[in-house]
Amino acid sequence: MGSHENLTHSWLRQNIQPYTHTDTVFHHVDAALTRYPTIRPKTDVYTFDDGRTQLLLCLHGLLPITFRAASYNIPVAVWLTREYPQQPPIAYVVPTSDMLVRPGPDMDVSGRCQVQYLRNWERKPEGCSVVALFEAMQDSFSCLPPVYSRPARAATQPATSPRPTASSTQTDAPPPALPPPFVSPQPIASYVPHYHRPPAAPSPPSVPAPAPPPAPHIPPPDLLDSEDFSAAQAVATPPPSAPAPPRPPNPELLRLHEQVHAKLQSELASLQQAMALDAERLRAHQADLLAGEPAIRDEMARLEAVRDVCRTVAERMRGVVDAGARNVAELRRKGDPEVDELVCSTTIVHNQLINLVAEDNAIEDTIYHLHRALNSGRMDLEKFIRTSRALAEEQFMKRALIEKIQAGLPPGDSDMRWTMPAEWR
């Protein structure tokens, strides 16, 4: 029993995931299955009145009721909407092939059940549950059963439905035959419904008496065989010997049949024309797709070639980037060079030439600034002449040494030669 309950719970947990209030649905359904063993859950597609379809959880099976001291099982199906319990469930009575729905205040001809409990559900949904709905349906069905047996089927089965004798009373007779059990596929495990019948009271002992004239055999009325309780309580009269004439067909019904047939034919013709147009369009699409297949293959080949080229370029660029990263790392490891190391030559003569040119330019700048100082009056003429003469003699010696070094350089060192300014000539 414990493994069966665990299997049922796991099945419920798996199939109520789309619901908004999963915990509430689980507890209410589990309580209903515990309270009513003949009720089983399943999932099926429900079609609403507006044409929408949705996969919902359905509790279906046999709902036991007691009507006039006899026990009956009513086949029901209760659908839980996705917004349960904010929205009320949808309850139906599902009659078998031997049953007919008895329309009433709480029942329509389609089997839709609208008991007072469902009509009051939206006023306080947090206080309602499917267990209380089953109890309300039991109370309503016990007052007025929602189904009754087909009269023709009941008449053809006298052997399987035991009837009391004419001498027995209604209180002493056993209840009439029950309709066949409601059987539907179960998602978890099958069950066998049990019908409960009250024990028949023992018949009083017979007293010998003169045999009265034979009375006609009148079976007691079946409480579920008649649509009207007044007809069920009335004494049944023996059937006439002559058969009743057949009922003539209803002309209005025939006219409606013709109108429906004409409407269906017109709709079928329009549907066939629309389907033919759709088929032509689909064939045109198929031709376009078949014609475009070679172009797609060529484009795929071109894209694959471009992809290979891109991969090659990417590999080459990756190698260049890696080499640049290694060079940057090597330069960072060596550090920044000194200024004197940046301006130097490979030989002593060249280094001497670089120093002589730098000193010559420095003397040239010094003489220029001495002229500016003389013009501004910050230096007298005698001092300017004496300082300029000394600088000029030093500059002359350096320029003579530069020309001598350049004259001794080999012809291949033309890039290291220093060009003499024009004013030296």
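Some points to look at:
- Of all residues in segment 35-46, those that are in contact (Cβ under 8 Å) with a residue 12 or more places away in the chain have Cβ atoms under 8 Å from Cβ atoms of residues that are hydroxyl-bearing (S, T, Y), 6 or more apart or on another chain, in P37/Y191; T38/Y191; R40/Y191; P41/T8; K42/S184; Y46/T53.
- Every condition in (1) open to solvent by 20 Å² or more (accessible area, probe 1.4 Å); (2) touching a Leu at 6+ places or on another chain (Cβ under 9 Å) holds for V101 except the one numbered (2).
- Near pairs, Cβ below 6 angstrom, 6+ apart or cross-chain, from segment 98-124 (on the phi > 0 side of the Ramachandran plot) to any residue that is surrounded by 12 or more Cβ atoms within 10 Å (Cβ to Cβ) and among the hydroxyl-bearing types (S, T, Y): G111/Y92
- Pair list, Cβ < 9 Å and 6+ apart or interchain, from segment 349-361 residues that are over 12 Å from Q406 (Cβ atoms) to residues that are open to solvent by 20 Å² or more (accessible area, probe 1.4 Å) and part of a helix (DSSP H, G or I): E359/E394; E359/K398; D360/K398; D360/R399
- For segment 287-341, taking the residues that are in a helix (DSSP H, G or I) and closer than 30 Å to N355 by Cβ, the one that is farthest from the chain's Cα centre (by Cα) is identified as D340.
- Flag if A173 is in a helix (DSSP H, G or I) and at pLDDT below 60: no
- Within segment 35-70, being surrounded by fewer than 12 Cβ atoms within 10 Å (Cβ to Cβ) and closer than 20 Å to E5 by Cβ holds for no residue.
Yes/no matrix, rows are residues, columns are (1) among the acidic types (D, E); (2) farther than 27 Å from T347 by Cβ; (3) in contact with a helix residue (DSSP H, G or I) (Cβ under 9 Å, 6 or more places away or on another chain):
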| position | (1), (2), (3) |
| --- | --- |
| E364 | yes, no, yes |
| I367 | no, yes, yes |
| R372 | no, yes, no |
| G377 | no, yes, no |
| L381 | no, yes, yes |
| A390 | no, yes, no |
| E394 | yes, no, yes |
| R399 | no, no, yes |
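The values are calculated or read from the model by the stated rules, or taken from the named source; none is laboratory data. Computed from a predicted structure; not experimentally measured. Reconstructed Cβ throughout: ideal geometry from the backbone, glycine too, with neighbour counts over all protein chains shown. To get the accessible areas, we keep the full protein, side chains included, count just its heavy atoms, and leave off ligands, DNA and RNA. Shrake-Rupley method; radii C 1.70, N 1.55, O 1.52, S 1.80 Å.
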